[in-house]
Amino acid sequence: MNDTPQPSADSSVTDVVEPADDVLTGSGLAAEKAKRLAKIAGIRADGREPYPYRFDRSHTLAEIRAAHGDIEAGAETDAHVAVAGRLMLKRDTGKLIFANLRDRSDQIQLFISKAEVGDDAFASIADLDLGDWIGVEGSVMATRTGELSIKVQSLVLLAKAVRPIPDKWKGLTDTDTRFRQRYADLIVNEDARRAFQVRHATIQSFRTTLSGRGYIEVETPVLHMEAGGAHARPFVTHHNTLDLDLYLRIALELHLKRLIVGGMERVFEIGRIFRNEGMSTRHNPEFTMMECYQAFADVSDIIALTEELITNAARDALGTTTIDLDGEMVDLAQPWRQVRMIDLVAEATGVEVHPSQPLEQLRSLAAQHGVSCAPRWGSGKIIEELFEALCEHTLVHPTFVTGHPVEISPLARVDRNDPQLTERFELFIVGREFANGYSELNDPVEQRTRFEDEQAAKDAGDDEATGVDEDYLRALEYGMPPTGGLGVGMDRVAMMLAGVSSIKEIILFPTLRPEVL
């Protein structure tokens, strides 16, 4: 219980600082805030509370529209409702006030008659400001023009807005301000609200599909002793009690596969990932990943699952599997292309490539195409760099790029037909990577060798290389069955389905430079 003395209704009136007369008569933000603070003081002086504790709502606005959206123009019903929302528009004609109320679900007109609510209540309603939260009781009707409305019988202020909301038509014109003040952006920007509805539906669809296939949702640690499961630079933090540096996770993979060892067979997690890398329209330092692992499966099962997950998400979020990809309508329900990375590089360069080739041949090919190579890179890494430079941006339609070299795939099994490639894929759509999956390496001896190669690269200065995770190796020694695994960038899927070009549009509070005040 909080023992701090709480102010009485009377004392709260005297706590409000009365603004000077010249401020009240001025213009601009300071003057507008001062006027609204003066209204709060007046409300409390009248014995009313501008911030009551609760309001009992009977319907959302969408529920009212669904039940009564087809009533005839000029008709009144005996349906009594109690609704709540933010006041978005108000037009006073003297004896009538028309207002727009919006809640999370919809927007509806309020029809307020002085004859119905009385002179005092009408004057109080007329004194409301746009942005105020209000609760309304009344009956459902339609105006003579057919506008579905609520004929107001009583109205109560639920929260006084001290700061005016952004202009309805201009909104927040500065992009940085939109992302920094997401609360204000959501008030006036219907596109922003829709994008986050699509994001929610996308994530919910993934959960539904995976649960329907027998997967169990789990939670694994955010703080890791070793930053593993991906090639990325981690964030480092310090645990004071243990006097130990820890890493914010860069992937979910290694803990989830420990659960496969434990016999859980099908697991998934949708969680926040942290990578200490650059920011762009495609990258945010913290983002949302879905990773799932299935015992007794291989890469072919995971490719089929990936198609199902994303196609179902489109259907659940948009009501269709046909979406706009760079101006071209594409039906995600159609089979997706599968092609090896080395074949794409060959198409782009006109030269066959393979990790077995002499390193100098691949270095020369890279130089011919303006791709610079670090001295420590092997043939597999050079092939990947050629792919990223020459091929990635051309993959507009959904494409599974397969057969990654072993060098760049430390956790994937070697291809059963080519030991220098792996049973791995990445999914590319509109030139962006959306997913990564493979037949999981489950041989603890080979995994140790791969980890040691990663450690050597890390010691040589590769900030994105991983180290040797001894506990994960110990888990593998208990035996992990044949397993297929998948990681999907949920933000990018939401971007695609919402039709936005920047990852900041579908992260509620993206990472930004500090605000200069």
Task: Rounded Å value of the spacing that divides the Cα centres of region 26-102 and region 202-219 - done: 40 Å
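Once every DSSP H run of n ≥ 4 in the chain is given -39500 (n - 2.57) and the sum is divided by its residues, what mean residue ellipticity at 222 nm do you get, rounded to the nearest 500 deg cm²/dmol? Mind showing how you got there, number by number?
Details: 17 runs with 177 residues, N = 517.
Helix-only estimate at 222 nm: -10000 deg cm²/dmol.
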Task: Listed pairs LYS35/LYS151; LYS39/LYS90; LYS39/LYS114; LYS257/LYS504; LYS381/LYS504 exceeding 19 Å between Cα atoms - done: LYS35/LYS151; LYS39/LYS114; LYS257/LYS504; LYS381/LYS504
Open item on the list: On C-alpha positions alone, give me the angle between the axis of helix 299-318 and the longest principal axis of the chain, in degrees, nearest 10.
Closed with: 20 degrees
TODO: Can you put LEU486, LEU244, LEU87 in order of Cβ neighbours within 10 angstrom, beginning with the fewest?
DONE: LEU244, LEU87, LEU486
- [ ] Within 10 Å, count the other beta carbons around each residue, average over each peptide in 339-351, 298-310, and list them highest first.
- [x] 298-310, 339-351
Open item on the list: Quick check on packing: order 400-408, 137-145 by the mean number of other C-beta atoms within 10 Å, highest mean leading.
Closed with: 400-408, 137-145
Open item on the list: Could you check the spin-label model distance between ASP127 and LEU473? Points 7 Å from the Cα along Cα→Cβ, value in nm.
Closed with: 7.5 nm
Task: Table column - 3J(HN,Hα) (Hz), region 48-54, Karplus curve with 6.51, -1.76, 1.60, x for Gly and Pro - done: 9, 10, x, 9, x, 6, 7
Open item on the list: For Cα extents along the principal axes in Å, one of (i) 86, 50, 45; (ii) 66, 61, 44; (iii) 90, 57, 48 was computed from the structure I shared and the rest are decoys. Which label?
Closed with: (iii)
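So for region 224-318, averaging the separation of alpha carbon pairs under 8 Å that are six or more residues apart and normalising by length, what relative contact order in percent results? Walk me through the numbers before you get to the answer.
Details: 130 pairs, mean separation 21.5, N = 95.
Contact order relative to length: 23 percent.
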Open item on the list: Give the separation of the Cα centroids, region 138-168 to region 306-383, in Å.
Closed with: 53 Å
Open item on the list: Please list log₁₀ I(q)/I(0) at q = 0.13, 0.17, 0.19, 0.21 Å⁻¹ for region 61-159, using the Debye equation with identical point scatterers on the alpha-carbon positions.
Closed with: -0.39, -0.68, -0.86, -1.06
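Any idea what the relative contact order of region 61-159 is, in percent, if you count C-alpha pairs under 8 Å spaced at least 6 apart? Display every interim value, and only then the final one.
Numbers: 217 pairs, mean separation 33.6, N = 99.
Averaging sequence separation for qualifying contacts and normalising by length gives 34 percent for region 61-159.
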- [ ] In whole Hz, with x marking every Gly and Pro, tabulate ³J(HN,Hα) for region 184-201 from phi via Karplus 6.51 cos²θ - 1.76 cosθ + 1.60, θ = phi - 60°.
- [x] 6, 4, 5, 4, 10, 10, 5, 5, 5, 4, 5, 4, 7, 5, 5, 4, 4, 5
Open item on the list: Apply the Karplus curve 6.51 cos²θ - 1.76 cosθ + 1.60, θ = phi - 60°, to the phi angles in region 500-517 and return the couplings in whole Hz, x for Gly and Pro.
Closed with: 10, 9, 10, 5, 5, 6, 10, 10, 4, 10, x, 6, 9, 5, x, 6, 8, 9
TODO: Choose one of ALA475, PRO444, LEU486: the residue whose Cα lies farthest towards the positive end of the charge dipole of region 443-517 (beta-carbon charges +1 Lys, Arg; -1 Asp, Glu; about the Cα centre).
DONE: LEU486
TODO: Compute the relative contact order of the chain as a whole-number percentage, counting only Cα pairs closer than 8 Å that sit 6 or more residues apart in sequence.
DONE: 12 percent
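Place the peptides 470-481, 388-399 in order of packing, highest mean first, counting for every residue the other Cβ atoms within 10 Å and averaging per peptide. Don't jump to the answer; show the numbers that get you there.
Working: 470-481: 15.2, 388-399: 17.2.
In decreasing order of mean packing, 470-481, 388-399 become 388-399, 470-481.
What does the charge count around MET141 come to, taking other residues whose C-beta lies under 14 Å from its C-beta (Lys +1, Arg +1, Asp -1, Glu -1)? Each step should come with its number before you reach the end.
Numbers: positive: ARG65, ARG144, LYS151; negative: ASP70, GLU72, GLU76, ASP78, GLU116, GLU137, GLU147.
Every neighbour counted, the sum reads -4.
Report for region 61-159 the percent antiparallel among DSSP-assigned beta bridges with both residues inside it, nearest 5. Mind showing how you got there, number by number?
Values: 31 of 34 bridges.
Antiparallel bridges make up about 90 percent of those DSSP assigns within region 61-159.
Throughout, read-outs are computed from the coordinates displayed, never taken from laboratory work. All values reported here derive from a predicted model rather than from experimental measurement. Note: ideal-geometry Cβ built from the backbone for every residue, glycine included; neighbour counts use all protein chains shown.
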